[in-house]
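> Just dropping this structure here.
The values are calculated or read from the model by the stated rules, or taken from the named source; none is laboratory data. Just so you know, these numbers come straight off a predicted model, no measurement behind them. Neighbour counts run over all protein chains shown; Cβ positions are idealised from the backbone, glycine included. Surface areas here come from the heavy atoms of the whole protein model, side chains and all, with no ligands, DNA or RNA. Shrake-Rupley method; radii C 1.70, N 1.55, O 1.52, S 1.80 Å.
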Amino acid sequence: MRLFTTISAVAIAAAGAVSAQDKFELIYSDTVPENDVRSTILKESFGNCLGDGFDFQAYHGATLFKQGTELTAMQRGNLDMGNLAIFDFYNQVPSTSVLGTPFLFRDYEHMRAVYNSDVLDDLKAEIEAEAGVKILAFPYIGARHLGYKGDKAYMTPADLDGVKLRMPPGEGWQFVGEAMGATPVPVPFTEVYTAMQTGAIDGQDNGFPATYNMKFHEVMTHMGTTGHLIAANEFTISLDTWNEMNAEQQAKVTECAANFEAALDAETIKLESELRAKIEESGVTVYAPDNAAFQSHVLDVYANSKFSADWPEGLVDAIVAVGK
C-alpha cells in the first residue's frame, strides 16, 4: 500500500476526533550529497510542487541504495523513484546505449529539442516494457569538453592524433577517446591533475564545473568546447508505483517532474557559464572547435563498431535531424 495515514490510531485516540489525511508515498534515492544544490532543487521544484497529496521522501548520498542499484530496487518494489544514468539501462535494454554516444547532440539546445520531440517514444516504450520503469524527465547535468596542455587549438579529430587524452577507466570510456581521434589513457579522476602536470597525459575531458573544482585549469592551456557528451539523467519512476496512481496524481507528478527538469537545466547552465568565465580569467584559452567535423567522424566510427550493434535502425539519423 502506498497510501498511509498521517495520524496514527493512537494519536487519534489521544487527540479525540481528528480526521486523518491520506497521502501517496514516494521514496526516492540518488547519489548526490544532501548539501548539493541539486538536492535542494529537487526538494523545491519537485517535492514541494507535489503538494499535500504526496509524501515525498528523498534519500541522498547513496544512503539508501548504492549508485547503479536503483533500477533493480525499483523493479523489486523497494524504491519508487531515482535519477538514473542512461548506462544503468544497458544490461536490460541494450538499445539505450545510443543515448550515451558522444557527439550525438550538437549542443544543449539540440539535446533538449530531441527530448522534447517524439523521436524517442519507441525507445521509452521499450524501456517501460523491458525494465518496468517510466522516464518522467531528462534533467541536464552538464557537457564534457576537451581540456589540455598544448600550443594550439585542436579543431578536428585529425588534430588529436597522438594526443594522450585521459578518459575514465572502462572499455566504453576508452572508446570515446579513441573515436575522437586521440590516444586514450585510463587515469583515475583523483590522479588527473598530477598526470597532466607531469606529462603522463596531455589532456582530459571534463566540463567546466569539474575542471574548475579539481583545479585542472591550473595545468592546462586550452579548453575546446566540444560538448561531446551533453549529459542528462533519466528521472525515473517504477511502473508499479505509477500504475497505483489515479490520473490526477499522475498528472501532478508529470507536472512536477517538468518543473525539476527546467530548474536543474537552468542551474547547470548558470554554473557552466560562471565557471567558464573563471577558467578564462585564469589564462586558459577557451575556443570552439569544428564540432561538425567531430560529430561526423565520431558517429561514423561508432556506426562501424560493436557499440552500435543494438541501436534502433534510423534513430541516430532521426536524432541528428532534429532542429535542422
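> Do you know which residues across region 109-132 are assigned to a helix (DSSP H, G or I) and open to solvent by less than 30 Å² (accessible area, probe 1.4 Å)?
HIS110, MET111, ARG112, VAL114, TYR115, LEU123, ILE127, ALA131
> Moving on to the next point. Of all residues in region 96-132 being polar (S, T, N, Q) and at pLDDT below 95, which is nearest to ILE269 (Cα to Cα)?
My answer is THR101.
> Out of the residues in region 52-89 meeting the condition of being part of a helix (DSSP H, G or I) and closer than 12 Å to LEU26 by Cβ, tell me which one is farthest from the chain's Cα centre (by Cα). Break it down into steps so the answer makes sense when it comes.
Our first condition is that a residue be part of a helix (DSSP H, G or I); within region 52-89, this holds for 52-53, 70-75, 86-89.
Next, only the ones that are closer than 12 Å to LEU26 by Cβ stay: 53, 74.
Working: GLY53: 29, MET74: 18 Å.
Across region 52-89, the extreme among qualifying residues is GLY53.
> Quick one: which helices (runs of 4 or more DSSP H) lie wholly within region 206-324 and hold at least 2 residues that are touching a Pro at 6+ places or on another chain (Cβ under 8 Å) and in contact (Cβ under 8 Å) with a residue 60 or more places away in the chain?
247-281, 291-303
> So, one more: Just one of the numbered conditions (1) open to solvent by less than 60 Å² (accessible area, probe 1.4 Å); (2) under 21 Å from the mean Cα position of the chain (by Cα); (3) over 23 Å from ASN91 (Cβ atoms) is not true of GLN174; which one?
In the conditions (1) open to solvent by less than 60 Å² (accessible area, probe 1.4 Å); (2) under 21 Å from the mean Cα position of the chain (by Cα); (3) over 23 Å from ASN91 (Cβ atoms), GLN174 misses (3) alone.
> Among residues belonging to region 133-167 that are open to solvent by less than 20 Å² (accessible area, probe 1.4 Å) and closer than 30 Å to ILE237 by Cα, point out the one that is modelled with the lowest pLDDT. Walk me through it before giving the result.
Here is the first cut: in region 133-167, the ones open to solvent by less than 20 Å² (accessible area, probe 1.4 Å) are 133, 137-140, 142-143, 145-148, 157, 160, 163, 165-167.
Of the ones still in play, those that are also closer than 30 Å to ILE237 by Cα are 133, 137-140, 142-143.
Numbers: VAL133: 98, ALA137: 98, PHE138: 97, PRO139: 96, TYR140: 95, GLY142: 91, ALA143: 95.
The qualifying residue modelled with the lowest pLDDT is GLY142.
> Name the residues in region 62-84 that are under 23 Å from ILE230 (Cα atoms), of a type in the set (Gly, Ala, Ser) and open to solvent by less than 40 Å² (accessible area, probe 1.4 Å), would you?
Across region 62-84, the qualifying residue is only GLY82.
> For ILE237, work out the one condition from (1) within 22 Å of ILE86 (Cβ to Cβ); (2) surrounded by fewer than 17 Cβ atoms within 10 Å (Cβ to Cβ); (3) of a type outside the set (Phe, Trp, Tyr) it doesn't fulfil.
Only one criterion is unmet by ILE237, namely (2).
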